[in-house]
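The values are calculated or read from the model by the stated rules, or taken from the named source; none is laboratory data. Since the model is a prediction, treat every value here as computed from it, not as a measurement. Methodologically, a virtual Cβ is constructed for each residue, glycine included, from the backbone with ideal geometry; neighbour enumeration extends over all protein chains shown. Quick note on the areas: whole protein, heavy atoms, side chains included, nothing else; ligands and nucleic acids left out. Shrake-Rupley method; radii C 1.70, N 1.55, O 1.52, S 1.80 Å.
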Amino acid sequence: MNLGPVSPFILAVPILLVSGVLISFYWTENCSQDRPRIRKSCVNGLNDILKDPKIFSTGIVQSLFESTMYIFIFLWTPVLDKAHLPLGLVFACFMASTMSGAGSFLLLRRWNFSVTNLLASSVVLAAGGNVIAAVAAHPEEPKYLLAFFSFLVIEFSVGMYFRAMTIVRARIVPQATGTAINSWFRVPLNLIACLILMCLHNGVFRHGNRLIFGICALLLVIASIFVTCLVSLVRREEDFADLVASKDVPGGASNLEIR
């Protein structure tokens, strides 16, 4: 089987399945007296997602944004490797850009930007970064410097996104079914990432990375629409005023921010 770079991941699947079976039968420590009702928990979580449009919108945004982020993780190396750049230094720049995005979130919050506006800004910024990356990743005339700049933009948006989404998710997703809801969010997330990454090893996929970046940009445009819907829904309820307020509300989102 000529599976290329995905071989270790495919090999890990049966090993993880065997590990799961062994753990379920032989792992006895830290077990609760009550048997967990996984099916009931999953059903309750799905009901909450379908009944509450705020949770549904939050899940769509999370799934679309984070799936494009995982796709980017697989794409940046083959794009920049052809330019013979020091990939270790490039990765360090990415991490610095992510930290800058997280720091900018805190700074903009002090300047009275709302959490939801910053979440929307991070999604739009990521979409713009992917559009630039699609332009830079031309199969015949690649622009490596422009690609590197677009990747920095994407990493910056990731840093801002996780700061904002952590707060939004903590306020909107109920604690009782939070684990099940977050698990449901990851189903489309992983499906999108896997389906698109399968195209990387298709020999007839001529436009390769360029088209994938374009698809990611389209997914983020859809995510930005759902962010707009989420902001509109949150504005209608006084209980979530802290998410759309330009100033901190006592007991609100400011208490959830990671200092």
Using a 1.4 angstrom probe on the protein heavy atoms only, line up Trp111, Trp76 by accessible area, largest first.
Trp111, Trp76
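Full extension from Ala170 to Cys194: what is 0.36 nm times the residue separation minus their Cα-Cα distance, to one decimal in nm?
Values: separation 24, 0.36 × 24 = 8.64 nm, distance 2.73 nm.
Full extension from Ala170 to Cys194 adds 5.9 nm.
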For the residue pair Asn112 and Asn47, what label-to-label distance in nm results when each label sits 7 Å from Cα along the Cα-to-beta-carbon direction?
4.4
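Report the calculated FRET efficiency for Lys40 and Lys82 (r = Cβ-Cβ distance, R0 = 30 Å), to the nearest 0.05. Present the calculation step by step, with values, prior to reporting the outcome.
Working: r = 51 Å, r/R0 = 1.71.
Once the sixth-power term is evaluated, E becomes 0.05.
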Once label points are set 7 Å from the Cα along Cα→Cβ at both Ser24 and Leu145, what is their separation, rounded to one decimal in nm?
5.6
Report the net charge of residues surrounding Val234, where surrounding means a beta-carbon distance below 13 angstrom and charges are Lys +1, Arg +1, Asp -1, Glu -1.
0
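Please tell me the relative contact order of the range 38-185 in percent, rounded to the nearest whole number, where contacts are Cα pairs under 8 Å and at least six residues apart. Provide the component values of the computation, followed by the final result.
Values: 132 pairs, mean separation 59.4, N = 148.
After rounding, I find 40 percent.
What's the carbon and sulfur percent of the range 4-141's accessible surface, probe 1.4 angstrom, rounded to a whole number?
Numbers: 5680 of 8370 Å².
Of the solvent-accessible surface of the range 4-141, carbon and sulfur hold 68 percent.
If you count only protein heavy atoms with a 1.4 Å probe, what accessible area per residue comes out for the range 78-142, rounded to a whole Å²? Spell out each step's value before the answer.
Values: 3190 Å² over 65 residues.
I get 49 Å² per residue for this part.
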I'd like the distance between the alpha-carbon centres of the range 50-74 and the range 212-229, rounded to an integer number of Å.
10
Treating only Lys and Arg (+1) and Asp and Glu (-1) as charged, each at its beta carbon, one finds that the range 24-135 has a dipole about its Cα centre, in Debye to the nearest 20, of 280
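With r defined as the distance between the Cβ atoms of Ala12 and Leu211 and R0 fixed at 25 Å, what FRET efficiency is calculated, to the nearest 0.05?
Details: r = 28 Å, r/R0 = 1.11.
That pair, Ala12 with Leu211, gives E of 0.35.
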